[in-house]
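The structure under discussion appears below in the form of structure tokens.
The values are calculated or read from the model by the stated rules, or taken from the named source; none is laboratory data. Please read all numbers here as calculations on a predicted model, not as lab measurements. Cβ sites come from the backbone with ideal geometry, for glycine too, and all protein chains shown count toward neighbours. The protein model used for the area step is the full one, side chains on, heavy atoms only, and it has no ligands, DNA or RNA in it. Shrake-Rupley method; radii C 1.70, N 1.55, O 1.52, S 1.80 Å.
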Amino acid sequence: MEDCLFCKIVDGTIPSAKVYEDEDVLAFKDINPQAPVHVLIIPKRHISGADKLKRSDDKLLGKLVAVANQLAKELGISETGYRLISNIGDDAGQSVHHLHIHLIGGKVLNWDN
Ligand code: AMP
Ligand code: ZN
């Protein structure tokens, strides 16, 4: 989608520090990390947020979570624990309107983060 930051990262117009890619999913390091590990896992197809997922996207969502779990293992935080977050809308602080799951870990996380 035009004027979508993460679509531009998918098409390579904007560079990113990629940590995973397949035909459906891209994962890259957050530019403003909130913890030692902070990766964003996104679908390559534009979906504006988790609230816009359809039942036909169930498999895609499962894949996003599976990739997040795999990356948690590869990045060494699967034993110590981590958080998967998807912000939806203004009160949650969603700033990029292309579905993304934050994978955050590598330190003890406070709930008011
Ligand atoms: P949210 O506020 O939940 O919509 O998350 C958006 C995230 O995208 C924030 O954590 C930003 O730091 C991150 N971000 C914004 N621009 C970039 C970029 N060019 N590359 C990587 N991460 C980005
Ligand atoms: Zn997009």
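Just a few scattered comments:
- Ligands, DNA and RNA left out, the 1.4 Å accessible surface of the chain is 51% carbon and sulfur atoms.
- Net charge dipole size for the chain [Lys, Arg +1 and Asp, Glu -1 on Cβ; Debye, nearest 20]: 220
- Equivalent-ellipsoid semi-axes of the chain, from the Cα gyration tensor, Å, largest first: 21, 16, 15
- Separation of the alpha carbons by more than 24 angstrom is noted, of Lys29/Lys63; Lys52/Lys73; Lys59/Lys107, for Lys52/Lys73; Lys59/Lys107.
- Percentage relative contact order, region 5-105, counting C-alpha pairs under 8 Å, at least six apart: 32
- Solvent exposure of region 5-105 as accessible area per residue, Å², 1.4 Å probe: 56
- Gyration tensor (alpha-carbon) shape descriptor, region 47-113, a/c threshold 1.5: oblate
- Report summary: the helix-based calculation at 222 nm, which adds -39500 (n - 2.57) for every DSSP H run with n ≥ 4 and divides by the residues of the chain, gives -6500 deg cm²/dmol.
- Degrees between helix 58-74 axis and first principal axis of the chain (Cα, 0 to 90, nearest 10): 40
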